[in-house]
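Notes for the one structure printed next.
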Amino acid sequence: MSHNPSQLLPSELIDRCIGSKIWVIMKGDKELVGTLRGFDVYVNMVLEDVTEYEITAEGRRITKLDQILLNGNNIAILVPGGSPDPE
Amino acid sequence: MSSGGEKAASGGGGSVKTPADFLKSIRGRPVVVKLNSGVDYRGILACLDGYMNIAMEQTEEYVNGQLKNKYGDAFIRGNNVLYISTSKRTLAEGA
C-alpha cells in the first residue's frame, strides 16, 4: 500500500482551474468552453466569455455568452485548459 | 440549496466569483435564461434564489431562436434552468 502525499480532492482540482479556461461537457449533446470564475458544492459554475456548442442534426450551433451561471445538474465532465477544438 | 458560497474560495484572490456572488450581482439586469429543453427566456431579472427559481419581467420566449411568446411577468422553477446568462448574445451556425 503506497500512500500518496499529493492526494488531491476532485474539488481541489476544479479550484485550481479558477481564472483559466475550462471545457464543460454536459449530459446530452452540449458542451461549453469558458473561463472559470467560481463554483459551489453542487458544482454550479460561474463562467465568463463562454462559447456554447449544441450538436444538432444540422450541425453545430454556436452561442457566445458574456457571463453565465451554469446549473451543475447536467454537467458530466470538466476538462481543464479548454477545448482542443479550434473555434 | 443555499449555494454554499465559501466552498470555492480557497484561492483567496479577489477575482473568484462564486454562484452566490453571481446571483447577488445580476438582479435587475437583462438576462437570458436557457432551460434544459433548449427554450430561451430573455427579459429583466426581477428576483431569484439559490434554487435558481427566477422571476422575470418583459419576458420573451425563444424557441429555436425564434420569438414565440411574450409575458409581462414570468416565474421559472429552478429545476428547469440550464443556465442564467447576462445579456450579450450572438448566434451563428457552425459547420
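Scanning region A:26-76 for residues that are more than 7 Å from every other protein chain (Cβ to nearest Cβ), over 24 Å from B:A20 (Cβ atoms) and not in a loop (DSSP other than H, G, I, E, B) turns up A:K30, A:E31, A:T51, A:Y53, A:E54, A:I55, A:T56. For A:G81, which of the numbered conditions (1) in contact (Cβ under 8 Å) with a residue 12 or more places away in the chain; (2) surrounded by 16 or more Cβ atoms within 10 Å (Cβ to Cβ) fails to hold? Evaluating A:G81 over (1) in contact (Cβ under 8 Å) with a residue 12 or more places away in the chain; (2) surrounded by 16 or more Cβ atoms within 10 Å (Cβ to Cβ) leaves (2) as the failure.
Close contacts from region B:39-55, counting a first residue that is at negative phi and a second that is assigned to a loop (DSSP other than H, G, I, E, B) and of a type in the set (S, T, N, Q), with Cβ to Cβ under 8 Å and a gap of 6+ residues or different chains, come to B:R42/B:S87; B:G50/B:S2; B:G50/B:S3. Across region A:41-56, a minimum of one residue is classified as surrounded by fewer than 19 Cβ atoms within 10 Å (Cβ to Cβ) and farther than 19 Å from B:K34 by Cβ.
Among the residues of region B:80-90, is there at least one that is assigned to a strand (DSSP E or B), at pLDDT below 95, loosely packed, with under 15 Cβ neighbours inside 10 Å and among the hydroxyl-bearing types (S, T, Y)? Within region B:80-90, one or more residues are assigned to a strand (DSSP E or B), at pLDDT below 95, loosely packed, with under 15 Cβ neighbours inside 10 Å and among the hydroxyl-bearing types (S, T, Y).
The values are calculated or read from the model by the stated rules, or taken from the named source; none is laboratory data. Computed from a prediction, not measured in an experiment: that's the story for all the values here. Here Cβ is always computed from backbone atoms with ideal geometry, including for glycine, and neighbour counts include all displayed protein chains.
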